[in-house]
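The values are calculated or read from the model by the stated rules, or taken from the named source; none is laboratory data. Computed from a prediction, not measured in an experiment: that's the story for all the values here. Methodologically, a virtual Cβ is constructed for each residue, glycine included, from the backbone with ideal geometry; neighbour enumeration extends over all protein chains shown. Ligands, DNA and RNA are excluded from the accessible area calculation, which covers all protein heavy atoms including side chains. Shrake-Rupley method; radii C 1.70, N 1.55, O 1.52, S 1.80 Å.
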Amino acid sequence: MRRVTRILTAGIATASLAFTATACGESSTEASSGENKGIGLSYDEGGRGDHSFNDSAAKGYDKAKKELKLGGKEITAKTGETEADRYQHLADLADAGYNPVIAVGFAYAPSVTKAAKKYKDVDFAIVDAVVDLPNVTSLVFNEHEASYLAGVAAALKSKSDHVGFIGGTDSVLIKKFAGGFEQGIKDTNPKAKLDVQWVKEGNDTAGFGQPDRGKEIAEGMLARDIDVIYSAAGASGSGAIEATAKKKGTWSIGVDGDQYNSEPLAPYKNSILTSAVKNVDVAVYDFVKSIEDGKKLTGVQSFTLEQGGVSLSYSGGFIDDIKPKIEEAQKKISDGDIKVTDTYKG
(Lines give C-alpha, C1' and ligand atoms only; values in the text may rest on other atoms or scores of the structure.)
Protein backbone atom coordinates (compact mmCIF):
# COMPACT_ATOMS: atom_id res chain seq x y z
CA MET A 1 0.00 0.00 0.00
CA ARG A 2 1.38 3.34 -0.97
CA ARG A 3 1.67 5.82 1.90
CA VAL A 4 1.82 9.59 1.92
CA THR A 5 5.42 10.72 2.42
CA ARG A 6 5.99 13.56 4.90
CA ILE A 7 7.62 16.77 3.78
CA LEU A 8 11.21 16.98 4.92
CA THR A 9 12.61 20.20 3.51
CA ALA A 10 11.33 23.45 2.01
CA GLY A 11 11.76 23.95 -1.70
CA ILE A 12 10.21 24.90 -5.00
CA ALA A 13 7.47 23.02 -6.83
CA THR A 14 7.95 21.89 -10.38
CA ALA A 15 7.60 24.47 -13.12
CA SER A 16 4.72 22.61 -14.73
CA LEU A 17 2.60 22.64 -11.55
CA ALA A 18 3.47 26.27 -10.92
CA PHE A 19 2.11 27.08 -14.36
CA THR A 20 -1.09 25.21 -13.52
CA ALA A 21 -1.46 27.25 -10.33
CA THR A 22 -1.40 30.46 -12.34
CA ALA A 23 -3.80 29.15 -14.95
CA CYS A 24 -6.35 27.63 -12.58
CA GLY A 25 -6.53 30.14 -9.72
CA GLU A 26 -4.89 27.84 -7.21
CA SER A 27 -3.84 28.29 -3.60
CA SER A 28 -1.31 25.88 -2.18
CA THR A 29 1.35 24.75 0.22
CA GLU A 30 4.03 23.57 -2.17
CA ALA A 31 5.70 20.20 -1.99
CA SER A 32 9.38 20.69 -1.27
CA SER A 33 10.68 18.89 -4.36
CA GLY A 34 9.67 16.41 -7.01
CA GLU A 35 10.54 13.54 -4.64
CA ASN A 36 8.37 14.69 -1.75
CA LYS A 37 4.64 14.14 -1.70
CA GLY A 38 1.58 15.41 0.09
CA ILE A 39 -2.17 15.69 -0.33
CA GLY A 40 -3.54 16.86 -3.65
CA LEU A 41 -7.03 18.32 -3.41
CA SER A 42 -9.14 19.71 -6.25
CA TYR A 43 -12.21 21.71 -5.25
CA ASP A 44 -15.59 21.99 -6.87
CA GLU A 45 -16.69 25.39 -8.21
CA GLY A 46 -16.75 28.02 -5.49
CA GLY A 47 -13.59 26.60 -3.92
CA ARG A 48 -12.25 27.37 -0.48
CA GLY A 49 -14.23 30.27 0.89
CA ASP A 50 -17.69 29.15 -0.23
CA HIS A 51 -18.75 28.94 3.47
CA SER A 52 -20.24 25.53 2.70
CA PHE A 53 -19.28 22.29 0.94
CA ASN A 54 -15.76 23.19 -0.21
CA ASP A 55 -14.91 24.84 3.09
CA SER A 56 -15.81 21.64 4.89
CA ALA A 57 -13.39 19.71 2.65
CA ALA A 58 -10.76 22.39 3.28
CA LYS A 59 -11.18 21.93 7.03
CA GLY A 60 -10.37 18.23 6.75
CA TYR A 61 -7.44 18.95 4.42
CA ASP A 62 -6.01 21.53 6.84
CA LYS A 63 -6.37 19.17 9.78
CA ALA A 64 -4.63 16.34 7.92
CA LYS A 65 -1.72 18.57 6.93
CA LYS A 66 -1.30 19.89 10.46
CA GLU A 67 -1.79 16.76 12.53
CA LEU A 68 -0.11 14.33 10.14
CA LYS A 69 2.63 16.81 9.17
CA LEU A 70 1.99 16.56 5.44
CA GLY A 71 2.48 18.89 2.53
CA GLY A 72 -0.35 19.60 0.16
CA LYS A 73 -1.64 21.42 -2.86
CA GLU A 74 -5.12 22.80 -3.55
CA ILE A 75 -6.65 23.57 -6.92
CA THR A 76 -9.81 25.66 -7.18
CA ALA A 77 -12.12 25.08 -10.11
CA LYS A 78 -12.98 28.09 -12.23
CA THR A 79 -16.55 28.96 -13.14
CA GLY A 80 -17.65 26.99 -16.19
CA GLU A 81 -15.00 24.29 -15.93
CA THR A 82 -15.06 21.57 -18.58
CA GLU A 83 -14.48 17.88 -18.10
CA ALA A 84 -11.04 18.36 -19.69
CA ASP A 85 -10.24 21.03 -17.07
CA ARG A 86 -11.22 18.77 -14.19
CA TYR A 87 -9.18 15.88 -15.52
CA GLN A 88 -6.16 18.15 -16.01
CA HIS A 89 -6.30 19.26 -12.36
CA LEU A 90 -6.10 15.64 -11.21
CA ALA A 91 -3.40 14.74 -13.74
CA ASP A 92 -1.28 17.75 -12.74
CA LEU A 93 -1.43 16.74 -9.07
CA ALA A 94 -0.60 13.11 -9.82
CA ASP A 95 2.24 14.04 -12.21
CA ALA A 96 3.76 16.31 -9.56
CA GLY A 97 3.85 13.44 -7.07
CA TYR A 98 0.90 14.30 -4.83
CA ASN A 99 -0.69 11.23 -3.29
CA PRO A 100 -3.48 10.84 -2.30
CA VAL A 101 -5.47 12.98 -4.72
CA ILE A 102 -8.95 13.99 -3.57
CA ALA A 103 -11.65 15.33 -5.88
CA VAL A 104 -14.37 17.36 -4.19
CA GLY A 105 -17.75 17.06 -5.88
CA PHE A 106 -19.86 14.70 -8.01
CA ALA A 107 -18.85 16.49 -11.23
CA TYR A 108 -15.41 14.88 -10.96
CA ALA A 109 -16.67 11.32 -11.41
CA PRO A 110 -15.67 10.98 -15.11
CA SER A 111 -12.34 12.72 -14.45
CA VAL A 112 -11.50 10.51 -11.49
CA THR A 113 -12.39 7.42 -13.53
CA LYS A 114 -10.01 8.46 -16.30
CA ALA A 115 -7.21 9.59 -13.97
CA ALA A 116 -7.40 6.50 -11.74
CA LYS A 117 -7.03 4.24 -14.76
CA LYS A 118 -3.93 6.12 -15.90
CA TYR A 119 -2.30 6.66 -12.47
CA LYS A 120 -2.78 3.23 -10.96
CA ASP A 121 -0.25 3.83 -8.18
CA VAL A 122 -2.05 6.91 -6.89
CA ASP A 123 -4.75 6.67 -4.22
CA PHE A 124 -7.75 8.73 -5.31
CA ALA A 125 -10.86 9.71 -3.39
CA ILE A 126 -14.01 11.41 -4.62
CA VAL A 127 -16.60 13.18 -2.50
CA ASP A 128 -20.29 12.78 -3.39
CA ALA A 129 -19.96 10.20 -6.16
CA VAL A 130 -19.17 6.51 -6.59
CA VAL A 131 -16.32 5.40 -8.85
CA ASP A 132 -15.82 1.65 -8.86
CA LEU A 133 -12.08 1.24 -9.32
CA PRO A 134 -9.55 -0.41 -6.99
CA ASN A 135 -7.55 2.77 -6.36
CA VAL A 136 -10.59 5.02 -5.78
CA THR A 137 -12.37 5.51 -2.46
CA SER A 138 -15.87 6.96 -2.74
CA LEU A 139 -16.93 9.22 0.14
CA VAL A 140 -20.73 9.57 0.13
CA PHE A 141 -23.28 10.92 2.61
CA ASN A 142 -26.92 10.49 3.57
CA GLU A 143 -27.71 14.16 2.94
CA HIS A 144 -31.39 13.34 2.65
CA GLU A 145 -31.52 12.25 6.30
CA ALA A 146 -30.16 15.55 7.65
CA SER A 147 -32.40 17.37 5.18
CA TYR A 148 -35.42 15.53 6.60
CA LEU A 149 -34.60 16.95 10.03
CA ALA A 150 -34.22 20.39 8.45
CA GLY A 151 -37.69 19.90 7.01
CA VAL A 152 -39.08 19.10 10.45
CA ALA A 153 -37.54 22.29 11.82
CA ALA A 154 -38.81 24.37 8.90
CA ALA A 155 -42.35 23.06 9.24
CA LEU A 156 -42.43 23.77 12.96
CA LYS A 157 -40.95 27.27 12.66
CA SER A 158 -42.78 28.54 9.59
CA LYS A 159 -45.66 30.88 10.42
CA SER A 160 -46.88 31.14 6.83
CA ASP A 161 -46.81 27.38 6.15
CA HIS A 162 -44.83 28.29 3.03
CA VAL A 163 -41.22 27.10 2.77
CA GLY A 164 -38.58 27.38 0.05
CA PHE A 165 -35.69 25.27 -1.23
CA ILE A 166 -32.89 26.56 -3.48
CA GLY A 167 -30.68 23.97 -5.18
CA GLY A 168 -27.44 24.78 -6.96
CA THR A 169 -28.48 22.38 -9.73
CA ASP A 170 -31.30 19.90 -10.29
CA SER A 171 -28.78 17.05 -10.27
CA VAL A 172 -29.39 13.69 -8.64
CA LEU A 173 -27.27 14.72 -5.65
CA ILE A 174 -29.09 17.97 -4.92
CA LYS A 175 -32.44 16.25 -5.36
CA LYS A 176 -31.44 14.11 -2.37
CA PHE A 177 -31.45 17.28 -0.25
CA ALA A 178 -34.74 18.50 -1.72
CA GLY A 179 -36.47 15.13 -1.38
CA GLY A 180 -35.55 14.61 2.26
CA PHE A 181 -36.47 18.21 3.08
CA GLU A 182 -39.89 17.90 1.46
CA GLN A 183 -40.63 14.63 3.27
CA GLY A 184 -39.68 16.13 6.63
CA ILE A 185 -41.98 19.10 6.01
CA LYS A 186 -44.95 17.00 4.88
CA ASP A 187 -44.60 14.44 7.69
CA THR A 188 -44.61 17.30 10.20
CA ASN A 189 -47.20 19.63 8.66
CA PRO A 190 -49.18 18.22 5.71
CA LYS A 191 -50.67 21.68 5.08
CA ALA A 192 -47.28 23.29 4.45
CA LYS A 193 -46.33 24.23 0.90
CA LEU A 194 -42.81 23.89 -0.56
CA ASP A 195 -41.45 25.93 -3.45
CA VAL A 196 -38.32 24.56 -5.13
CA GLN A 197 -36.05 26.47 -7.49
CA TRP A 198 -32.72 25.60 -9.11
CA VAL A 199 -29.89 28.06 -9.74
CA LYS A 200 -28.85 26.03 -12.80
CA GLU A 201 -30.40 23.14 -14.67
CA GLY A 202 -28.78 19.73 -15.06
CA ASN A 203 -25.25 19.21 -13.78
CA ASP A 204 -24.04 22.78 -14.45
CA THR A 205 -21.82 23.33 -11.41
CA ALA A 206 -21.76 27.07 -12.04
CA GLY A 207 -24.95 27.01 -9.99
CA PHE A 208 -22.86 26.64 -6.85
CA GLY A 209 -20.85 29.81 -7.37
CA GLN A 210 -23.41 32.56 -8.00
CA PRO A 211 -24.31 34.34 -4.73
CA ASP A 212 -26.02 37.20 -6.59
CA ARG A 213 -28.34 34.73 -8.30
CA GLY A 214 -29.00 32.94 -5.02
CA LYS A 215 -29.90 36.28 -3.45
CA GLU A 216 -32.24 37.09 -6.34
CA ILE A 217 -34.06 33.75 -6.07
CA ALA A 218 -34.44 34.16 -2.31
CA GLU A 219 -35.82 37.68 -2.69
CA GLY A 220 -38.45 36.32 -5.06
CA MET A 221 -39.43 33.65 -2.54
CA LEU A 222 -39.61 36.15 0.32
CA ALA A 223 -41.92 38.31 -1.79
CA ARG A 224 -44.30 35.32 -1.94
CA ASP A 225 -44.44 35.13 1.88
CA ILE A 226 -42.07 32.20 2.14
CA ASP A 227 -40.52 32.56 5.59
CA VAL A 228 -38.01 29.68 5.75
CA ILE A 229 -35.50 29.01 2.94
CA TYR A 230 -33.15 26.02 2.80
CA SER A 231 -30.33 26.34 0.28
CA ALA A 232 -28.16 23.48 -0.96
CA ALA A 233 -26.25 25.67 -3.37
CA GLY A 234 -22.72 26.30 -2.15
CA ALA A 235 -21.70 29.95 -2.47
CA SER A 236 -25.02 30.71 -4.16
CA GLY A 237 -26.66 29.84 -0.86
CA SER A 238 -24.69 32.61 0.84
CA GLY A 239 -26.60 35.09 -1.27
CA ALA A 240 -29.88 33.54 -0.14
CA ILE A 241 -28.80 33.83 3.49
CA GLU A 242 -27.99 37.51 2.98
CA ALA A 243 -31.40 38.17 1.42
CA THR A 244 -33.28 36.38 4.20
CA ALA A 245 -31.42 38.29 6.91
CA LYS A 246 -32.83 41.53 5.54
CA LYS A 247 -36.47 40.54 6.07
CA LYS A 248 -37.64 40.41 9.66
CA GLY A 249 -39.34 37.23 10.75
CA THR A 250 -37.76 34.97 8.13
CA TRP A 251 -35.19 32.21 8.45
CA SER A 252 -32.43 30.57 6.43
CA ILE A 253 -31.31 26.98 6.81
CA GLY A 254 -27.63 26.43 6.11
CA VAL A 255 -26.00 23.41 4.54
CA ASP A 256 -22.89 21.21 4.67
CA GLY A 257 -21.10 23.21 7.39
CA ASP A 258 -22.59 24.84 10.49
CA GLN A 259 -23.14 28.16 8.76
CA TYR A 260 -24.14 29.95 11.96
CA ASN A 261 -20.47 29.70 12.91
CA SER A 262 -19.12 30.79 9.51
CA GLU A 263 -17.14 33.99 10.09
CA PRO A 264 -17.96 35.57 6.71
CA LEU A 265 -21.67 34.97 7.38
CA ALA A 266 -21.51 36.42 10.89
CA PRO A 267 -23.56 39.53 9.96
CA TYR A 268 -26.47 37.24 9.08
CA LYS A 269 -26.14 34.52 11.71
CA ASN A 270 -29.17 35.59 13.74
CA SER A 271 -31.36 34.63 10.79
CA ILE A 272 -29.76 31.18 10.31
CA LEU A 273 -32.27 28.85 11.96
CA THR A 274 -30.10 25.74 11.73
CA SER A 275 -27.82 23.93 9.28
CA ALA A 276 -27.98 20.45 7.77
CA VAL A 277 -24.37 19.51 8.41
CA LYS A 278 -22.43 17.14 6.17
CA ASN A 279 -19.10 16.23 7.71
CA VAL A 280 -16.97 16.29 4.56
CA ASP A 281 -14.05 17.37 6.76
CA VAL A 282 -14.27 14.14 8.74
CA ALA A 283 -14.40 12.05 5.57
CA VAL A 284 -11.39 13.79 4.01
CA TYR A 285 -9.33 13.57 7.17
CA ASP A 286 -10.23 9.94 7.87
CA PHE A 287 -9.31 8.95 4.32
CA VAL A 288 -5.88 10.59 4.49
CA LYS A 289 -5.19 9.22 7.97
CA SER A 290 -6.16 5.72 6.91
CA ILE A 291 -3.41 5.83 4.28
CA GLU A 292 -0.90 7.14 6.80
CA ASP A 293 -1.87 4.32 9.17
CA GLY A 294 -1.45 1.71 6.43
CA LYS A 295 -5.14 0.77 6.65
CA LYS A 296 -6.61 2.60 3.67
CA LEU A 297 -10.36 3.06 3.53
CA THR A 298 -11.51 1.43 0.31
CA GLY A 299 -14.61 1.11 -1.82
CA VAL A 300 -17.71 3.08 -0.90
CA GLN A 301 -17.58 4.76 2.48
CA SER A 302 -21.06 5.94 3.53
CA PHE A 303 -21.56 8.55 6.25
CA THR A 304 -25.08 8.28 7.74
CA LEU A 305 -27.17 10.13 10.32
CA GLU A 306 -26.88 7.22 12.73
CA GLN A 307 -23.07 7.28 12.43
CA GLY A 308 -22.86 11.05 12.82
CA GLY A 309 -21.82 11.55 9.20
CA VAL A 310 -24.66 14.05 8.82
CA SER A 311 -26.52 16.00 11.49
CA LEU A 312 -28.61 19.06 12.30
CA SER A 313 -27.00 22.01 14.05
CA TYR A 314 -28.40 23.64 17.21
CA SER A 315 -26.08 26.66 17.10
CA GLY A 316 -27.77 29.90 18.07
CA GLY A 317 -30.41 28.11 20.13
CA PHE A 318 -33.17 28.93 17.65
CA ILE A 319 -34.54 25.38 17.52
CA ASP A 320 -33.94 24.41 21.14
CA ASP A 321 -37.68 24.68 21.80
CA ILE A 322 -38.43 22.01 19.18
CA LYS A 323 -35.43 19.81 19.93
CA PRO A 324 -37.52 16.93 21.39
CA LYS A 325 -39.49 16.62 18.15
CA ILE A 326 -36.32 16.71 16.04
CA GLU A 327 -34.67 14.10 18.26
CA GLU A 328 -37.77 11.93 17.98
CA ALA A 329 -37.55 12.07 14.18
CA GLN A 330 -33.83 11.37 14.29
CA LYS A 331 -34.38 8.27 16.42
CA LYS A 332 -37.05 7.00 14.04
CA ILE A 333 -34.69 7.40 11.10
CA SER A 334 -31.86 5.64 12.93
CA ASP A 335 -34.19 2.83 14.02
CA GLY A 336 -35.53 2.40 10.50
CA ASP A 337 -39.06 3.48 11.39
CA ILE A 338 -38.79 6.38 8.95
CA LYS A 339 -37.41 5.64 5.49
CA VAL A 340 -36.22 8.91 3.99
CA THR A 341 -36.50 9.31 0.25
CA ASP A 342 -33.29 10.03 -1.63
CA THR A 343 -34.88 11.97 -4.47
CA TYR A 344 -37.22 14.85 -5.23
CA LYS A 345 -39.99 14.10 -7.70
CA GLY A 346 -41.77 17.44 -7.79
For ILE319, the lone unmet condition from (1) modelled with pLDDT of 95 or more; (2) not assigned by the TED database to the domain that holds GLN183 is (2)
Residues of segment 202-253 being part of a strand (DSSP E or B) and within 19 Å of the chain's Cα centre (by Cα), in sequence order, are ILE229, TYR230, SER231, ALA232, SER252, ILE253
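Yes/no per residue for (1) of a type in the set (Gly, Ala, Ser); (2) touching a strand residue (DSSP E or B) at 6+ places or on another chain (Cβ under 6 Å); (3) in contact (Cβ under 8 Å) with a residue 24 or more places away in the chain; (4) open to solvent by 10 Å² or more (accessible area, probe 1.4 Å):
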{"position": "GLY180", "(1), (2), (3), (4)": "yes, no, yes, no"}
{"position": "GLN183", "(1), (2), (3), (4)": "no, no, yes, yes"}
{"position": "GLY209", "(1), (2), (3), (4)": "yes, no, yes, yes"}
{"position": "GLY220", "(1), (2), (3), (4)": "yes, no, no, yes"}
{"position": "ILE229", "(1), (2), (3), (4)": "no, yes, yes, no"}
{"position": "LEU265", "(1), (2), (3), (4)": "no, no, yes, no"}
{"position": "LYS278", "(1), (2), (3), (4)": "no, yes, yes, no"}
Is there a residue being buried (at least 19 other Cβ atoms within 10 Å of the Cβ) and free of Cβ contacts under 8 Å to residues at least 40 places away in the same chain anywhere in segment 165-178?
yes
Do the conditions hold for GLY239, that is, is it closer than 25 Å to TYR43 by Cβ, at pLDDT below 95 and buried (at least 19 other Cβ atoms within 10 Å of the Cβ)? no
Review point. Does GLY309 qualify as being open to solvent by less than 10 Å² (accessible area, probe 1.4 Å), within 27 Å of VAL199 (Cα to Cα) and either at pLDDT 95 or above or among the acidic types (Asp, Glu) (or both)?
Key: no
Among strands (runs of 3 or more DSSP E) entirely inside segment 31-145, those with 2 or more residues being surrounded by fewer than 24 Cβ atoms within 10 Å (Cβ to Cβ) and touching a residue at least 60 places away in the same chain (Cβ under 8 Å) are 136-141
Restricting attention to segment 315-331, the residues that are more than 23 Å from ILE174 (Cα to Cα) and open to solvent by less than 80 Å² (accessible area, probe 1.4 Å) number exactly 7
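May I ask you to list the residues in segment 172-194 that are assigned to a loop (DSSP other than H, G, I, E, B) and touching a helix residue (DSSP H, G or I) at 6+ places or on another chain (Cβ under 8 Å)?
Matches in segment 172-194: ASN189, ALA192.
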